[in-house]
Amino acid sequence: MSALEEARSFLSGYKGRRLRIMEVCGTHTHEIARDGIRNILSPDIELISGPGCPVCVTPAGYIDEAVLLALDKGCTITTFGDLVRVPGSEKSLADARREDARIQVVYSPVDAVSYAREHPDEQVVFLSVGFETTTPSECLAVQEADREGISNFSLLTANKTMPEAYLAMKDSTDAFLYPGHVHAITGMSICEDFRDRYQISGVIAGFTPEELVVAIALCVKGLIKGQPFVINAYPRVVRPEGSPKAVSLIEKYMEPVDAVWRGIGEIKGSGLALREEYAAFDARKKFSLPVIEGRDNPACRCGEVLQGKCSSTECPLFGKVCTPEHPVGACMVSSEGACSAFYLYRRK
Ligand code: SF4
C-alpha cells in the first residue's frame with residue numbers, strides 16, 4: 001500500500017473525537033477543494049479555512065487608499081490582478097479604472113519597477129500585499145529602485161506575517177496545516193516555539209494531493225496521541241532554518257507594525273511596513289495619505305469565514321448574490337479565497 005493509499009484509508013476510517021484542522025493557506029484551501037479531499041475524510045474530521053489568503057485579508061481601507069492614490073493623486077497603480085476587483089468602502093480599483101484611473105496589472109513587483117523606469121513621468125505605486133512568501137520580492141523591488149535611483153516608484157504596504165495569525169486563531173482549531181511556502185522562508189522554529197509555549201500543534205504541508213492527504217493523516221495521528229506536535233511533511237522544500245537570506249532581506253527593508261485584517265480587525269505586530277530609511281519608497285508618506293478606516297459590506301461574512309467560524313456555504317449570499325462574476329466580498333474575488341474555492345469546486 002502506498003503512503004497515499006494508507007493515509008486515505010486511515011482518514012476515511014477514523015472514528016473518535018471530532019477534530020478540527022485549519023488550513024491556513026489560501027493555496028491549500030483551493031487544492032483541498034479542487035482535489036475533493038474533504039470527500040475522503042471521516043465525518044469526524046473537519047477541515048476549516050483560515051486567514052491565509054493575502055487578498056482576502058486586505059482591508060477595505062487599504063483599497064480606499066489605493067483608489068485615492070489613483071483618482072486624487074493621479075498615481076499609476078500596479079498590482080496583481082486579483083486586487084483590482086476587491087471591494088473598498090465605496091469603490092474597487094475596477095470602478096476607479098472606469099473613471100480613467102491608470103491601473104496596470106503586473107506579474108511581479110520587479111515588473112512594476114520596470115514600468116516605472118519606462119514611464120518616468122508617472123508616479124508608480126505597487127500594491128504590496130502578501131505574506132512571508134511574497135514580501136522578499138517586494139523588498140527586492142525597493143532594492144532595485146533604490147540602486148538605480150528610480151524615484152517615481154513606491155509601495156503601498158499591507159504585508160502580513162503568519163505567526164501572529166496562528167496565535168489569533170489557536171482557539172478555533174485543534175491543529176494547523178501550516179503553509180509550506182511560508183515555512184520555506186521562516187523555517188520551523190516558530191512552530192516549535194508555539195508548540196512549547198502555547199501547545200499549538202500542526203503539520204507543515206506541501207501542495208500536491210498526496211502531500212496534503214499525508215499531512216492531514218499525520219495531523220490526525222498526532223492529535224490522537226494527545227501531545228503537542230510539529231511535523232515537517234514538506235522536507236523537500238522546507239529546511240528547519242528556512243531561508244536566512246530571504247529573512248534578512250525582509251528585515252533590512254521592513255519592520256513589524258500592527259495590521260488590520262479584513263473582517264477580523266487589528267492583530268498586534270502582524271504587519272510589515274518599510275523602515276524609515278526607505279520612506280522615499282513608502283506611498284503613504286510620499287503622498288501624505290490620511291488615515292482611512294474603511295467599511296466592510298455588513299452582509300458579507302468573510303470575517304467569520306477567515307476565522308473558521310462559518311463555512312462559505314453558510315453565508316446566505318453564497319452562490320446567489322455573491323459569485324466569482326459578481327463578488328460581494330474579497331473571499332469570492334481572490335483565486336485563493338475560500339468562497340471562490342467552494343464555488344468553483346462545489347460539485348467535488
Ligand atoms: S459568499 Fe460572498 S458575501 Fe458571503 S462571505 Fe463569501 S465573499 Fe462574503
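Each reported figure results from applying straightforward, stated rules to the coordinates on display, with no laboratory input. Just so we're clear, the structure is a prediction, and the values are computed from it rather than from any experiment. So basically every Cβ, Gly included, is an ideal-geometry build from the backbone, and we count neighbours across all protein chains shown.
Amide H contacts of residue 229: 201, 202, each under 5 Å away and 5 or more positions distant or on a separate chain (H built 1.01 Å from N in the peptide plane; Pro and chain starts excluded). Extending 7 Å from Cα along the Cβ direction at residue 208 and again at residue 275 yields two label points whose distance is 4.0 nm.
Using only Cα atoms, find the angle between the long axis of helix 135-148 and the longest principal axis of the chain, and express it within 0 to 90 degrees, rounded to the nearest 10. Taking Cα atoms only, the helix is inclined about 20 degrees.
Compute the whole-percent fraction of alpha carbon pairs in the chain spaced more than 33 Å apart.
Of all Cα-Cα distances in the chain, 28 percent exceed 33 Å.
A straight line joining the Cα centroids of segment 1-43 and segment 62-138 runs 37 Å.
Annotation: aspartates and glutamates with alpha-carbon distance below 14 angstrom to residue 73 (same-chain offsets under eight excluded): 64, 65, 99, 100, 121, 122. Tell me the angle of helix 244-253 to the major Cα principal axis of the chain, expressed in degrees between 0 and 90 and rounded to the nearest ten. Between the helix axis and the principal axis of the chain, the angle is about 40 degrees.
Highest mean packing comes first when the peptides 112-124, 164-176 are listed by Cβ atoms within 10 Å, giving 164-176, 112-124.
For the chain, the longest principal axis of the Cα atoms and the long axis of helix 3-13 meet at an angle of about 70 degrees. A protection proxy built from the mean count of other Cβ atoms within 10 Å ranks the segments 140-146, 92-98, most packed first, as 140-146, 92-98.
Taking Lys and Arg as +1 and Asp and Glu as -1, the other residues whose beta-carbon sits under 13 Å from that of residue 335 total -1.
For a Förster distance of 25 Å, can you work out the FRET efficiency between the beta-carbons of residue 192 and residue 252, rounded to the nearest 0.05? FRET efficiency, residue 192 to residue 252: 0.50.
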